[in-house]
């Protein structure tokens, strides 16, 4: 069940959050709900298992990588290029 919540935030933060939400095609309410859910679940979750949010689940499968893709090498190569 959804409930209404009124927040008082810095105007610049609100505008940045709106821009971020629009860019990621998610409502500001859903963005904040996901953040608060993640924040509060960390304290409740005593095991090392992390629950994946619905937004992250929606991104699953959007990128196909080769079976032999080496994440560590890709990160290393990226950082080497970035800090040349």
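Table: residues versus (1) in contact with a helix residue (DSSP H, G or I) (Cβ under 9 Å, 6 or more places away or on another chain); (2) without any contact (Cβ under 8 Å) to a residue 40 or more places away in the chain; (3) surrounded by 10 or more Cβ atoms within 10 Å (Cβ to Cβ).
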{"residue": "5", "(1), (2), (3)": "yes, yes, no"}
{"residue": "15", "(1), (2), (3)": "no, yes, yes"}
{"residue": "20", "(1), (2), (3)": "yes, yes, yes"}
{"residue": "36", "(1), (2), (3)": "no, yes, yes"}
{"residue": "67", "(1), (2), (3)": "no, yes, no"}
{"residue": "71", "(1), (2), (3)": "no, yes, no"}
{"residue": "75", "(1), (2), (3)": "no, yes, yes"}
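Matching residues to (1) farther than 26 Å from residue 7 by Cα; (2) more than 21 Å from the chain's Cα centre (by Cα); (3) at pLDDT below 90; (4) part of a loop (DSSP other than H, G, I, E, B):
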{"site": "36", "(1), (2), (3), (4)": "no, no, yes, no"}
{"site": "41", "(1), (2), (3), (4)": "no, no, yes, no"}
{"site": "56", "(1), (2), (3), (4)": "no, no, yes, no"}
{"site": "66", "(1), (2), (3), (4)": "yes, yes, yes, yes"}
{"site": "80", "(1), (2), (3), (4)": "yes, yes, no, no"}
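The values are calculated or read from the model by the stated rules, or taken from the named source; none is laboratory data. Keep in mind it's a predicted model, so treat the numbers as computed, not measured. Ideal geometry is used to build each Cβ from the backbone, glycine not excepted, and the neighbour counts take in all protein chains shown.
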